[in-house]
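Presented below is the structure to which this report refers.
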Amino acid sequence: MTHTVEKIGGTSMSRLDALRDTLFIGDRNGADLYGRMFVVSAFGGVTDLLLEHKKSGDPGVYARFAGAESDHGWHGALDRVADAMTDAHGAVLDHPADREQADAFVLERIEGTRNCLVDLRRLCSYGHFRLSEHLLQVRELLSGLGEAHSAFTATLLLQRAGVNARLVDLTGWRDEQTVDLENRIKGGIEGIDISAEMPIVTGYAQCAEGLMREFDRGYSEITFSRLAALSGAREAIIHKEFHLSSADPRLVGADKAQKIGHTNYDVADQLSNMGMEAIHPKAAKTLRQADVPLRVTNAFEPGDPGTLIDDRPAETPEAEIVTGLDIIALEVFEQDMVGVKGYDAAILDVLTRHNVRIVSKLSNANTITHYVDASLKIMRRVEKDLERLYPAARITSRKLAIASVIGRDLSGLSILSRGLQVIAEAGLEAVGALQGPRSVDVQFVMECGDLDKTIGVLHTALIPAAGDRSLSKAA
């Protein structure tokens with residue numbers, strides 16, 4: 001029996017009771033309920049409380065534990081996690097017995113974690129042990145709490161509704177064995193009858209490789225993609241709260257934004273580069289190599305097929321998506337750079353050391369500019385390191401934005417010239433523009449405050465109207 005592996009994000013998980021009545025069950029009954037594995041993220045906001053807020057950086061349990069001179073801060077933060085978890089499952093579980101089981105689950109995991117962290121601090125009070133050497137394991141431990149709780153809650157909810165749901169806890173809680181990711185997943189799904197059971201799998205998987213080390217908070221999509229590949233899934237499906245659209249409906253209008261319907265992994269990679277992840281690039285690579293197509297759907301519209309992502313090229317050239325990202329332009333100007341090798345490698349080394357993500361770059365005879373996704377605070381540190389390397393250079397950081405037009409094949413559409421023209425006609429000015437020879441994206445560098453308007457005018461001019469998915473090649 002062929003099956004699907006399906007992932008649900010944290011925001012959607014917070015509406016788990018609605019998903020029960022649409023995605024999980026809907027009009028299905030009997031054998032039609034099965035043949036599906038679900039990988040779940042933590043309830044919305046829980047991972048922010050466990051680690052740190054993804055956008056604001058406000059410290060969670062991990063950040064307070066790592067930087068605390070006393071125990072008071074992280075203990076209180078862990079209490080807030082327990083309260084948030086209890087509130088989350090209390091909002092979706094109808095039966096008192098289920099809520100009681102979920103309360104007990106939270107208490108056991110939270111207090112077990114508290115005891116572990118107390119013991120670790122006590123151990124590291126001795127000179128032979130350093131807390132810094134264990135912080136990655138602490139981050140892994142905390143990450144698993146959110147997914148274990150949401151998977152446990154989902155299993156209770158579905159079992160109460162008559163579904164033969166089965167919890168697959170990959171978090172390694174109190175597991176004395178160390179296994180790699182492949183064997184962790186294989187061990188978790190061993191013995192499951194996919195034709196008669198619905199596995200609910202934690203998005204976090206404890207393994208020897210350490211998912212947080214390389215992927216940090218992108219770990220759930222890595223688990224999802226490896227599970228799909230290892231189990232031989234017919235299709236991998238990501239359920240979001242919205243369709244993958246030609247632009248943000250809030251910027252271009254809900255009546256103008258169009259569901260993509262079909263694109264390929266190349267476009268998914270470009271979206272990821274612009275901070276609009278359909279899927280983590282490493283997860284996409286796993287699916288691509290296993291020849292598993294990916295589908296992105298709206299979780300609350302289960303009858304809509306959503307958007308299929310595979311390896312097929314476009315039948316005809318067309319622009320598919322317009323998106324954008326606020327960035328910082330790091331510019332290194334050095335008059336003596338002409339004809340000298342090594343500048344670029346040294347700059348990349350500094351950016352890598354500070355964990356700065358590069359979105360795009362350009363260079364000329366004496367200037368190298370990197371457009372990066374980072375905070376000004378981090379970039380000040382980058383500047384100081386570069387000034388020590390190149391004291392004669394002029395190094396500046398400037399807040400800008402990039403609007404990007406993306407498609408499987410943009411050849412012959414004159415996107416660059418047409419884009420610059422409509423930007424100028426809208427009374428805006430492009431600071432720069434970048435286009436590579438592969439014809440999958442064209443980037444327009446703009447002032448920060450102009451990004452939303454730029455996306456709107458580019459979408460109007462370059463995305464085919466509904467019912468006309470063949471943009472003219474005429475400039």
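The values are calculated or read from the model by the stated rules, or taken from the named source; none is laboratory data. Computed from a predicted structure; not experimentally measured. Quick reminder, even Gly has a Cβ in these numbers, built from the backbone with ideal geometry, and neighbours come from all protein chains shown. Accessible surface areas use protein heavy atoms only, side chains included; no ligands, DNA or RNA. Shrake-Rupley method; radii C 1.70, N 1.55, O 1.52, S 1.80 Å.
Worth pointing out:
- Loop-located trypsin sites (Lys or Arg not before Pro) across the range 246-333 with a Cβ neighbour count of 10 or fewer within 10 Å are lacking, with loop assigned by DSSP.
- In a fully extended conformation the segment linking Leu362 and Asp21 would gain 117.7 nm over its present Cα-Cα distance, using 0.36 nm per residue.
- The charge dipole of the range 86-219, taken about its Cα centre with unit charges on the Cβ atoms of Lys, Arg (+1), Asp and Glu (-1) only, comes to about 400 debye.
- Length gained when the stretch Ile378-Asn355 is fully extended (0.36 nm per residue, less Cα-Cα span): 7.4 nm
- Percent carbon-and-sulfur accessible area, the range 428-469, ignoring ligands, DNA and RNA, probe 1.4 Å: 49 percent
- Per-pair calculated FRET efficiency, R0 = 25 Å: Ala104 and Asp83 via Cβ, rounded to 0.05: 0.95
- Taking a ≥ b ≥ c as the square roots of the eigenvalues of the Cα gyration tensor, the chain is classed as oblate, since a/c reaches at least 1.5 and a/b does not exceed b/c.
- Fully extended contour minus Cα-Cα distance, from Phe333 to Thr460, at 0.36 nm per residue: 42.0 nm
- Separation in nanometres of the label points that stand 7 Å from Cα toward Cβ, at Asn183 and Glu301: 4.5 nm
- Normalised per residue, the accessible area of the chain is 45 Å², obtained with a 1.4 Å probe and no contribution from ligands, DNA or RNA.
- Loop trypsin sites (Lys or Arg not before Pro), the range 97-150, which have at most 14 other Cβ atoms in a 10 Å radius of their Cβ (DSSP): Arg130
- Among the GluC sites (Glu not before Pro) in the range 321-413, none sits in a DSSP loop with a Cβ that has at most 11 other Cβ atoms within 10 Å.
- Other residues whose C-beta falls under 10 angstrom from the C-beta of Val350 contribute a net charge of +1, scoring Lys and Arg +1 and Asp and Glu -1.
- For the range 394-452: rounded, prolate or oblate by the Cα gyration tensor [a/c cutoff 1.5]: oblate
- Label-point separation in nm, Val431 to Arg312, each point 7 Å along Cα→Cβ: 4.0 nm
- Amide proton proximity set for Leu400, modelled H, under 5 Å, gap of 5+: Ile327, Ile328, Ala329
- Spacing of the two label points (7 Å from each Cα toward its C-beta) at Asp216 and Asp452, in nm: 2.7 nm
- Kyte-Doolittle mean at least -1.0 and Cα axial length at least 27 Å: DSSP H helices in the chain: 72-92, 96-123, 135-160
- Tyr34 - accessible surface, heavy atoms, 1.4 Å probe, Å² rounded to 10: 30 Å²
- Förster radius 22 Å - calculated FRET efficiency between Asp385 and Ser132 (Cβ-Cβ, nearest 0.05): 0.55
- The calculated 222 nm mean residue ellipticity attributable to helices in the chain amounts to -12000 deg cm²/dmol, summing -39500 (n - 2.57) over DSSP H runs of n ≥ 4 and dividing by all residues.
- Count Lys and Arg as plus one, Asp and Glu as minus one, and take only other residues whose Cβ is under 9 Å from that of Leu400; the net charge is then 0.
- Cα shape, the range 128-200, gyration tensor, a/c 1.5 rule: oblate
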